[in-house]
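Everything on this sheet refers to the single structure shown next.
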Amino acid sequence: MTAVPTTTVPIIRAQLGNTVRVGIRGGDYSYSTGTSMATPHVSAVAALVWSANSQLTNADVRRILESTAEDLVDSGAPESHEGKDVVFGYGLVQAKAAVDQAIRERK
């Protein structure tokens, strides 16, 4: 397990696919996976998308997040397959791709 000392992009990107310790209140560390970790990241990207194009509806933001996510597949998990699945949902949120799409859709 690796502690991420700062939030610089290269350090975060280097941890992709690894187990990481995340600092929590009081300086302790906790292990979390799944929606507990995905929700704040996806929410933040949704806010970025909407800030890039405030004319988007909530349905538009959701469509953009879903269509720009990087599909993930775990060959060791039978329920994981290409496209939306119960293991990874729509996949890994892609902030730059989602914001770029929101900008392209400006009227």
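Taking the criterion of being in a loop (DSSP other than H, G, I, E, B), touching a Leu at 6+ places or on another chain (Cβ under 9 Å) and of a type outside the set (F, W, Y), would at least one residue in region 83-90 satisfy it?
Looking for residues that are in a loop (DSSP other than H, G, I, E, B), touching a Leu at 6+ places or on another chain (Cβ under 9 Å) and of a type outside the set (F, W, Y), one finds at least one in region 83-90, hence yes.
Which residues, taken from region 55-81, are assigned to a loop (DSSP other than H, G, I, E, B), surrounded by fewer than 12 Cβ atoms within 10 Å (Cβ to Cβ) and at pLDDT 95 or above?
Answer for region 55-81, where residues must be assigned to a loop (DSSP other than H, G, I, E, B), surrounded by fewer than 12 Cβ atoms within 10 Å (Cβ to Cβ) and at pLDDT 95 or above: Q55, T57.
G83 passes all but one of (1) in contact (Cβ under 8 Å) with a residue 40 or more places away in the chain; (2) more than 17 Å from A38 (Cα to Cα); which number fails?
(1)
For region 88-104, which residues satisfy the criterion of being in contact with an Asp or Glu (Cβ under 7 Å, 6 or more places away or on another chain) and farther than 16 Å from T39 by Cβ?
Scanning region 88-104 gives a single hit, Q94.
The values are calculated or read from the model by the stated rules, or taken from the named source; none is laboratory data. Predicted, not measured: the structure shown is a model, and the values here were computed from it. So basically every Cβ, Gly included, is an ideal-geometry build from the backbone, and we count neighbours across all protein chains shown.
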